[in-house]
Amino acid sequence: MRKISKIEPKLPVFQARKKVAAYARVSRDTERLMHSVSVQVSYYSTLIQKNPEWEYADVYADM
């Protein structure tokens with residue numbers, strides 16, 4: 001008698017993306033340094049959003 005084997009379909013395994021946030025800050029309150037914070041926020045926002053393994057949470061800034 002022949003034996004029948006049922007082949008179960010394999011479901012793809014999805015990795016959970018890591019939630020990532022960044023923290024930007026400056027230690028002094030001057031016009032030049034305020035620009036520095038905006039540059040940091042822009043840089044980290046772009047960096048996090050470009051990585052397909054990361055989920056963008058936010059960039060927090062302390063001035």
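Brief remarks on what is shown
- Rounded to the nearest 20 debye, the dipole size of the stretch 18-62 about its Cα centre is 100 debye, using +1 on the Cβ of Lys and Arg and -1 on the Cβ of Asp and Glu.
- Positive-end extreme of charge dipole, the chain - chosen from Ala22, Thr46, Met1 (charges on Cβ): Met1
- Fewest-first sequence of Arg28, Arg2, Arg17 by Cβ atoms within 10 Å of each Cβ: Arg2, Arg28, Arg17
- Taking a Cβ cut-off of under 14 Å around Asn51, the surrounding Lys, Arg, Asp and Glu residues balance to a net charge of +2, with basic ones at +1 and acidic ones at -1.
- You can think of it this way: the chain between Tyr43 and Arg2 has 8.4 nm of extra reach, that is 0.36 nm per residue less the Cα-Cα gap.
- For the chain, the longest principal axis of the C-alpha atoms and the axis of helix 31-50 are separated by about 10°.
- In the chain, the calculated helix contribution to ellipticity at 222 nm averages -11000 deg cm²/dmol per residue, counting -39,500 (n - 2.57) for every DSSP H run with n ≥ 4.
Where a number appears in this text, it was derived from the coordinates with a stated rule and is not lab data. Fair warning: this is a prediction, and the values are worked out from it, not measured in the lab. FYI the Cβ positions are ideal-geometry reconstructions off the backbone, even for glycines, and counts take in every protein chain you see.
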